[in-house]
Amino acid sequence: MHFKINEEQEAIRKMVRDFREKEIVPLAPAWDEEERFPKEILSKLDNLGLTNLSVPEKYGGPGVDFVSAAIIMEELAYGCAGVTLAAGNNTIALYPIIVGGTEEQKVKYLTAACDCAGGKLAALALYEAEAGTDLTRLATTARHSGGAYLLNGRKTFVTNAPYADFFIVFAKTGEEKGKDLSVLLVEKDTPGITIGAPVHKLGLRAAATADVVFENARIPVENLVGKEGSGYSLAAQTFELTRPLIAAMATGVAQAAMEQAAKYAGERVQFGRPIADFQAIRVMLAKMAAGIEASRLLTYQAVWLRDEAAAANSKAAMARFVATEAALKTTIDAIQIMGGYGYSREYPLEKFMRDAKMLQIIEEDTQAQQLYIAADLLKQ
Ligand SMILES: Cc1cc2nc3c(=O)[nH]c(=O)nc-3n(C[C@H](O)[C@H](O)[C@H](O)COP(=O)(O)OP(=O)(O)OC[C@H]3O[C@@H](n4cnc5c(N)ncnc54)[C@H](O)[C@@H]3O)c2cc1C
């Protein structure tokens, strides 16, 4: 059993750290305050091969392994989870095309997304107001009409919707339970598409989120991804990728919070000694460090299993569950260690806490992960 990151993965980690310290950490508070996605950062990330992480080299992607992808997401999220979500969104949104698309779709859409001179942004349009954890309640429909699909419905909370060039839309194409969901590629300029106003959020504010409405949008039949009825399977395969990558982001946020708290505890003097001398503070720091280590190991195990093409499902759910719980607890305790300063907006701790909370909710929340883990356990 090897616990060592290889040289190439270490080099990637160092490159991302250098980039983030220069290009993300100093600007993250302003992006959060302005609720602004700094689109200008995309081409810099593209040029370093830090976006479209799931796309194979054949289509212009960086072709990195999943362990490297997790390292990249962790190190970027240390700087700003919001910008990591927005810039990393293609990695997830393109995945249904990667696993289910035709060669023509891959060449057209993946290659366009990976163009370093201005890659196209994809957005995953899955959830709806009445259909969150329970995807059987999805109400968006795509009905055959004169050689095309007629798409109608409203998707909620779509990351990057205001900037997206195309959408990966999950819609009902039939009535048979379990076989009624399909995936369509929808270009943003298709008549009948409206993007809602950006949603104001507690955290991840550097990532824009908005509703997308489809009213009799005509989608060519060749834009169907996979077979009709393969929507649940494509969603499940996408979640398998999302779980460890969100776990990696949570680990990065927690690491940043712990480092700030530890530094502060070493410098802050009360009762004639640095507060780091007090056992109550040490216990909090120890729990943070142990939680982060557990998160990182579970995450690396889950992505390593993916790289080995082994089943990683409940391990990935464990990684996401543990890492997002640890991140929220770490950020809350880090604020506690920093007292009033931790709560003030002068320090990034309150932003870390707001971002960490959202990582428990986005795309299959922490309860869903636990249900998944339990179901897998009981099956055995
Ligand atoms: C910042 C942000 C970005 C997002 N990005 C995207 C995106 O790009 N594309 C997209 O399609 N969607 C996106 N979403 C939507 C997101 O994935 C959903 O909000 C999320 O999956 C949860 O669904 P819901 O909000 O409807 O909650 P619900 O499913 O209504 O859940 C509400 C509560 O009930 C609990 N619950 C539900 N079912 C069960 C059960 N069986 N047992 C126990 N508890 C249960 C849940 O755990 C939760 O605590 C985004 C959301 C946000 C806020």
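Laboratory data are not the source of any read-out in this text; all were calculated from the coordinates shown. Bear in mind that the values here come from a model prediction, so they are computed numbers and not experimental data. When we count neighbours, we look across all protein chains shown, and the Cβ atoms used for this are built from the backbone with ideal geometry, even at glycine.
Summary table
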read-out	value
Sparsely packed GluC sites (Glu not before Pro) within the stretch 280-380, loop by DSSP, other Cβ within 10 Å at most 13	GLU308, GLU346
Unit charges at the beta carbon, dipole of the chain: most positive-side option, GLN367, TRP304, ASN152	GLN367
Span per principal axis, largest first, for the Cα atoms of the stretch 149-208 (Å)	39, 26, 14
Value of D in µm² per second that Stokes-Einstein yields for the stretch 315-372, Kirkwood Rh from Cα pairs, at 37 °C (0.692 mPa s)	276 µm²/s
Lys, Arg +1 and Asp, Glu -1 on Cβ, resulting dipole of the chain about Cα centre, debye, nearest 20	540 debye
In sequence order, calculated HN-Hα J values of the stretch 144-157 (Karplus, 6.51, -1.76, 1.60; Hz; x Gly/Pro)	5, 7, x, x, 9, 9, 9, 9, 9, x, 9, 9, 10, 6
Likely footprinting exposure, ARG137, ARG205, ARG243, ARG36, fewest C-beta neighbours within 10 Å first	ARG137, ARG36, ARG205, ARG243
Residues whose placed amide H lies under 5 Å from that of ASP115, excluding near-sequence neighbours	LYS120
Å³ per residue enclosed by the Cα convex hull of the stretch 122-229	97 Å³
HN-Hα J in Hz across the stretch 123-132 - Karplus 6.51, -1.76, 1.60, θ = phi - 60°, x for Gly and Pro	9, 8, 10, 10, 6, 9, 4, 9, 9, x
Relative contact order of the chain, defined on C-alpha pairs under 8 angstrom at six or more residues apart (%)	16 percent
Cα long-axis angle, helix 231-267 against the chain (0 to 90 degrees, to the nearest 10)	20 degrees
Long-range Cα-Cα pairs in the stretch 7-113 (distance over 23 Å), rounded percent	28 percent
Highest-fluctuation residue, LYS201, LYS315, LYS227 considered, GNM on the chain with Cα pairs under 10 Å	LYS227
Within a Gaussian network of the chain (alpha carbon springs, distance under 10 Å), most fluctuating of ASP365, ASP333, ASP18	ASP18
Positive-end residue, the chain charge dipole about Cα centroid, Cβ charges, pick of PRO274, THR133, ILE41	PRO274
Crossing angle, helix 366-379 versus the chain [Cα axis fit, 0-90 degrees, rounded to tens]	80 degrees
HN-Hα J in Hz across the stretch 297-308 - Karplus 6.51, -1.76, 1.60, θ = phi - 60°, x for Gly and Pro	5, 5, 5, 4, 4, 5, 6, 4, 4, 4, 4, 8
Cubic angstrom per residue, convex hull over Cα atoms of the chain	142 Å³
Magnitude of the charge dipole, the stretch 232-379, Cβ model with Lys/Arg +1 and Asp/Glu -1, debye to 20	300 debye
Contact order normalised by residue count of the stretch 85-183, Cα under 8 Å, 6+ apart, percent	28 percent
